[in-house]
Amino acid sequence: MKPLQTSSGDPNADRRADYAEMLFASGDHTAAAELLLGALELAPQWAMGWFRLGEMQEASRGLDLAAQAWTTSMKLDPADRQGAALKLQLIGRGPASMAPPSAFVETLFDHYAETFEEMLVGKLDYRLPEVLDAAIRKARPGRFRLALDLGCGTGLMGERLRPIVDRLEGVDISARMLRKARAKNIYDALTKADLQDFSYSGGKADLVTSADVLIYIGGLEGLVAAVAGLLAEGGLFAFSVESLADGGDLALQTSRRYAHSEGYVRRTVETNGLSIVALEPTSIRQDRREPVKGLAVVARKAHAI
């Protein structure tokens with residue numbers, strides 16, 4: 001994940017920051033951090049600069065200095081669009097959180113919207129929509145009256161759903177992602193919303209999907225409860241998570257994505273009145289040329305007795 005290319009507003013500071021990035025890319029992390037610190041003396045209110053300084057100091061093993069830089073970034077940008085709180089958590093200098101800052105997720109996907117599909121499909125071998133599509137068709141052949149695609153992004157999952165859905169609605173936190181999805185003309189409605197506090201006032205859906213999205217949700221209780229509430233009887237919830245091999249329910253990874261254990265997924269789904277129809281290990285995408293292991297899940301809402 002490359003750093004967000006935001007300007008400090010000071011041309012001299014930006015030039016120093018560019019040189020710092022060149023040094024960092026060459027492997028001289030300590031010199032890069034020193035040069036970027038000099039740039040920040042010219043632009044002390046640059047939140048992104050302080051965040052990037054923390055990354056450089058982390059790479060040069062200066063964790064105390066990294067923590068100070070990330071804390072400064074959060075003070076300058078309380079919404080934490082850089083995700084500094086997650087970096088502090090990962091080095092043990094911040095409280096554990098069950099969810100990432102919403103502004104961080106929104107900023108991240110706004111930033112990558114233009115190249116998202118090229119990178120994900122063309123270079124990272126992303127094929128989760130294909131996997132979930134096959135699982136949905138196996139669990140319930142035929143058409144669906146209303147489907148909600150949560151975290152729809154640019155519409156990769158929607159492209160798979162459109163042939164089997166009468167009405168398809170998409171939801172995403174990123175306006176730029178929604179703009180890409182809208183251009184495909186595959187959704188009947190698109191809504192900008194944060195899935196961390198998601199609610200839906202439309203009719204009951206008989207299919208809800210969330211492909212490669214829950215990694216940016218963290219704790220799943222709230223979203224699964226919301227989905228269970230909006231599903232029609234017999235409706236399906238098809239989603240994925242990254243697999244957590246170690247103990248525990250969920251964990252923040254160095255990628256700043258969350259991984260979830262199979263036991264936690266099963267327990268959360270079943271607690272909300274859904275039953276597991278399919279749960280299969282899958283490769284979600286490549287990361288640093290290694291497959292990211294995950295679970296493709298289809299759950300069904302029970303019929304009333």
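Its residues counted as N, segment 54-165 yields a C-alpha radius of gyration over 2.2 N^0.38 Å of 1.46. Here segment 178-280 is treated as an ellipsoid with the same Cα gyration tensor; its semi-axes, largest first and in whole Å, are 24, 18, 12. Pairs from the table (LYS184/LYS301; LYS123/LYS184; LYS180/LYS301; LYS138/LYS293; LYS123/LYS293) lying more than 26 angstrom apart at Cα are LYS184/LYS301; LYS180/LYS301.
Over 33 Å, how big is the tail of the calculated P(r) for the chain, in percent of all Cα pairs? The partial results should precede the final answer.
Values: 13271 of 46360 pairs.
The calculated P(r) of the chain puts 29 percent of pairs beyond 33 Å.
Just the protein heavy atoms count here, and of the accessible area of the chain at 1.4 Å, carbon and sulfur take up 51 percent.
Computed from the C-beta positions of ASP194 and GLU114, the FRET efficiency with R₀ = 22 Å rounds to 0.50.
Computed over the Cα atoms of segment 151-218, the ratio of the radius of gyration to the Kirkwood radius (Rg/Rh) comes to 0.92.
Quick one: accessible area per residue over segment 67-202, 1.4 Å probe, rounded to a whole number of Å²?
Spelled out: the 1.4 Å probe surface of segment 67-202, per residue, equals 48 Å².
Seen from ARG167, the other residues with C-beta closer than 9 Å to its C-beta sum to a net charge of -2, counting Lys and Arg as +1 and Asp and Glu as -1. In terms of overall dimensions, segment 1-59 has a Cα radius of gyration and Dmax of 10.0, 27 angstrom.
Heavy-atom accessible surface of HIS260, to the nearest 10 Å², is about 0 Å², with a 1.4 Å probe and all protein chains retained.
Considering every alpha-carbon pair of segment 250-304, the percent of pairs per 5 Å bin, from zero through the bin containing the longest distance, is 4, 17, 22, 23, 15, 10, 5, 2, 1, 0.
Of interest is the spacing of the C-alpha centroids, which for segment 41-62 and segment 231-299 amounts to 34 Å.
For the chain, complete DSSP H runs whose alpha carbons reach 15 Å or more along their own long axis and whose mean Kyte-Doolittle score is -1.0 or higher are 11-26, 29-42, 47-59, 63-76, 102-112, 128-139. Computed from the alpha carbon atoms alone, the convex hull of segment 124-258 holds 123 Å³ per residue.
Using R0 = 22 Å, the C-beta based FRET efficiency linking ASP166 and HIS303 works out to 0.60.
Kirkwood hydrodynamic radius of segment 228-277, from the reciprocal of the average inverse Cα-Cα distance over all distinct pairs: 12.1 Å.
The values are calculated or read from the model by the stated rules, or taken from the named source; none is laboratory data. In this text the structure is predicted, and so the values were computed from the model without any measurement. Virtual Cβ from ideal backbone geometry, glycine too; neighbours counted across all protein chains shown. Heavy atoms of the whole protein, side chains included, go into the accessibility calculation; ligands, DNA and RNA do not. Shrake-Rupley method; radii C 1.70, N 1.55, O 1.52, S 1.80 Å.
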